[in-house]
1. Can you find even one residue in the range A:149-160 that is in contact with a Ser or Thr (Cβ under 9 Å, 6 or more places away or on another chain) and not small (Gly, Ala, Ser)?
2. Could you please give the count of residues in the range B:147-165 that are more than 8 Å from chain A (Cβ to nearest Cβ) and hydrophobic (A, V, I, L, M, F, W, C)?
3. In a helix (DSSP H, G or I) and basic (Lys, Arg), is that true of B:ARG163?
4. Output the residues belonging to the range B:155-182 that are surrounded by 18 or more Cβ atoms within 10 Å (Cβ to Cβ) and in contact (Cβ under 8 Å) with a residue 60 or more places away in the chain.
5. Just one of A:ARG119, A:ARG71, A:ARG106, A:ARG87 is in a loop (DSSP other than H, G, I, E, B) and not small (Gly, Ala, Ser); which is it?
6. For the range B:13-23, which residues satisfy the criterion of being within 23 Å of B:LEU139 (Cβ to Cβ) and within 12 Å of DNA strand C (Cβ to nearest atom)?
7. So, B:GLU94, is that one within 14 Å of another protein chain (Cβ to nearest Cβ) and within 12 Å of DNA strand D (Cβ to nearest atom) or not?
8. Would you check which residues across the range A:148-182 are of a type in the set (Gly, Ala, Ser) and out of contact with any Pro (no Cβ under 8 Å at 6 or more places or on another chain) and list them?
Protein chains: 2
Amino acid sequence: MSRVEGKLPGMSLRHALLGLLVEHPASGYDLLKTFSTSLANVWPATQSQIYGELTKLADSGLVVVSDQGPRGRKEYTLTDAGLAELRHWLAETEPQRSTRSEVLLRVFFLGVLTPEQARGYLESLAGHATATHAELAALHDAVDWDDDNLSVYGRIALEYGLRFTAMQQEWAEWARTQVRTS
Amino acid sequence: MSRVEGKLPGMSLRHALLGLLVEHPASGYDLLKTFSTSLANVWPATQSQIYGELTKLADSGLVVVSDQGPRGRKEYTLTDAGLAELRHWLAETEPQRSTRSEVLLRVFFLGVLTPEQARGYLESLAGHATATHAELAALHDAVDWDDDNLSVYGRIALEYGLRFTAMQQEWAEWARTQVRTS
DNA sequence: AACTGACATTCCAAAACTGACATGTCGAAA
DNA sequence: TTTCGACATGTCAGTTTTGGAATGTCAGTT
């Protein structure tokens, strides 16, 4: 009788950290900055979460403190066990596909507002989507993409953002026309 | 000096329940079914969460138990205070725009897998998107849409799902071509 | 020499969420 | 009449997530 491994949900932060450490060792502070920039729109994480998870990761041997720097800085390096765990997560576990969208949830209830207010909400959505799209486009132009792994998959992820925000903007503008005037 | 109202994050479940009760009174069991069907892809919630929140909502006077049915069934009705709170949330608070996507997070780290595995992941993503799109399209055809609020905004939300899954499928197929062979 | 801002970590309270477990009722079919 | 599935709610321990407080170091400027 095989013992099925219990499904641990929400292990994503853990694996995000392992994934970032694949490229090169980094401190909690370094990782925090990565989370607040490139991963901000994919998997936001706070400082307390990151430092806490790093400690757990070190306890379970998936990373090690490979160096100590100036201000109590601890540099973490991925171990073989950590890389194996990351591969296992990517190749052998199913992603959580459902995401919650507060933006969309609100749409369901727009009927309790006046049509003016509802259109205002949808317009503001379109505006935010346009702005985000522009930011991503600027980022796309600023980065010089070569063909290493980081570049290939970074570009793929960015393209997702571009397509997503474009879709959102078009949808919000269409939706606005569906709300009857006054 | 104006005292800024503290930002209360994650009040969404609360407002989702209020929103559903706008249409007609319902029991926890009824709401649970709604969450596992029409809201499943927008704001998933578990039974314990729903019953717990309903009790809190009743305690704070945003809903009342308007009827008791057969099996201890309690029917909740929205109060004026509840409707006011819902309108406040919709019209005067900013939605949390960032969502986390485990699917996209994994894309960032696909470089640690073989190109075959990476392409497999993207193919599976495209397949899921296609399947979900078909489900939503079937749902769209099955419902008869009149022009009340529920229909207008329900259709808008469904259209979002349709566009989103279409975009995801196209993106995943494009992404697959970007991963170099072997 | 004092100041400032970026660097860097630890700890904590509270809220939200998950995944059970526990309990029981009612209607219909076998 | 027993059984079964749908109805219906309550509770709880454990984990995740949030948001912030507390603490301190180092480098460069004033």
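1. Yes - at least one qualifying residue is present in the range A:149-160.
2. 2
3. On the way: in a helix (DSSP H, G or I): yes; basic (Lys, Arg): yes.
Judged against the criteria, B:ARG163 is a match.
4. Residues satisfying the conditions are B:ALA157, B:GLY161, B:ALA175, B:VAL179.
5. On the way: A:ARG119 fails: in a loop (DSSP other than H, G, I, E, B); A:ARG106 fails: in a loop (DSSP other than H, G, I, E, B); A:ARG87 fails: in a loop (DSSP other than H, G, I, E, B).
Going through A:ARG119, A:ARG71, A:ARG106, A:ARG87 in turn, just one is in a loop (DSSP other than H, G, I, E, B) and not small (Gly, Ala, Ser): A:ARG71.
6. If the condition is that a residue be within 23 Å of B:LEU139 (Cβ to Cβ) and within 12 Å of DNA strand C (Cβ to nearest atom), then B:ALA16, B:LEU17 are the ones that fit.
7. The answer is yes for B:GLU94.
8. So in the range A:148-182, the residues of a type in the set (Gly, Ala, Ser) come out as A:151, A:154, A:157, A:161, A:166, A:172, A:175, A:182.
Residues satisfying the conditions are A:SER151, A:GLY154, A:ALA157, A:GLY161, A:ALA166, A:ALA172, A:ALA175.
The values are calculated or read from the model by the stated rules, or taken from the named source; none is laboratory data. Remember, predicted model here, so these are calculated numbers, not experimental data. No Cβ is skipped: glycine too gets one built from the backbone with ideal geometry, and neighbour counts run over all protein chains shown.
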